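Only the coordinates and a few stated rules stand behind these numbers; no lab work does. Because the structure is predicted, anything quoted here is derived from the model rather than measured. When we count neighbours, we look across all protein chains shown, and the Cβ atoms used for this are built from the backbone with ideal geometry, even at glycine.
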Amino acid sequence: MSSREILVARHGETQWNRLRKWQGISDIPLNETGVMQARELGQSLVGEGIARVYCSDLQRAVSTAKIVSEIIRAGQVTVDQRIRERSLGRFEGWQSGEVAIFLGLPESKAYILETDELSIENGPEVEPWAAFVERVWNFLQDISTSPEKGKTLVVAHGGVMRAINHALTHEGFGMPEFRNGEYIRLKVDENNWEII
């Protein structure tokens, strides 16, 4: 298999993003700023040679992907549930400070929602981190073996991007925080993955 590039972008802003609320799988739409960010993302990707666009099934990602695809003329968007955000159960709609207070932690440790450190009592309905990462990587492995030529764009979520970053760089949890409309560029060659 020859090397290929996969760009992974975060959706545009929602009102919950603006209010700094954890979204998880709550299906919150883009706000006006988010629509503008999607257009800006599309403009930034003109000329990249993107042949395929995939997105999460949550409407903030679907809307972003459709706007981008129209601008770059990539055609139909393929929706895949495997790249939806991690389910955060009862904590969806909470701000980091509220999560920290509930868990008895300083606010700087609220990123515990992105680890498997939550106790069963505190977050029984939170999707396990390992299961989340596994479904994201299953998706990436599948699209990396596509026989089609050209780059691939994936429109997903901050948690998906942090899971990828954590797996490839082994940086600590909670870092970095990807902005709405930001993207990372992956290169895969014979199942060797890197962020470029």
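Quick one: if you take sqrt(5λ) for each eigenvalue of the C-alpha gyration tensor of the chain, what semi-axes come out, biggest first, whole angstrom?
The equivalent ellipsoid of the chain has semi-axes of 28, 20, 13 Å.
Hey, how many Å between the Cα centroid of the range 54-132 and the Cα centroid of the range 11-29?
That distance is 9 Å.
Report, in debye and to the nearest 20, how large the dipole of the range 1-89 comes out about its Cα centre when Lys and Arg carry +1 and Asp and Glu carry -1 on their Cβ.
Dipole size: approximately 200 debye.
So, by mean Cβ neighbours within 10 angstrom, what's the order for 59-68, 131-140 with the highest one leading?
Per-residue mean Cβ counts within 10 Å order the peptides as 59-68, 131-140.
Return the aspartates and glutamates within reach of Lys151: Cα separation strictly under 20 angstrom, same-chain partners fewer than 8 residues apart disregarded; answer none if there are no such residues.
Glu5, Glu40, Glu48, Glu70, Asp80, Asp142, Glu182, Asp189, Glu190, Glu194
Run the dipole for the chain about the Cα centre, Lys and Arg Cβ at +1, Asp and Glu Cβ at -1, nothing else charged, and hand back the magnitude in debye, nearest 20.
Here the size comes out at about 580 debye.
Can you return the aspartates and glutamates within cross-link range of Lys109? Criterion is Cα-Cα under 13 Å, with same-chain partners fewer than 8 residues away left out.
Glu98, Glu117
What are the ³J(HN,Hα) couplings of the range 82-88, residue after residue, when phi is run through the Karplus curve with 6.51, -1.76, 1.60 and θ = phi - 60°? Round to Hz, x for glycine and proline.
Rounded to whole hertz, the list is 5, 10, 6, 5, 5, 6, 10.
Given H placed on each backbone N at 1.01 Å, which residues far from Leu30 in sequence or on other chains put an amide H within less than 5 Å of it?
Under 5 Å from the amide H of Leu30: no residue qualifies.
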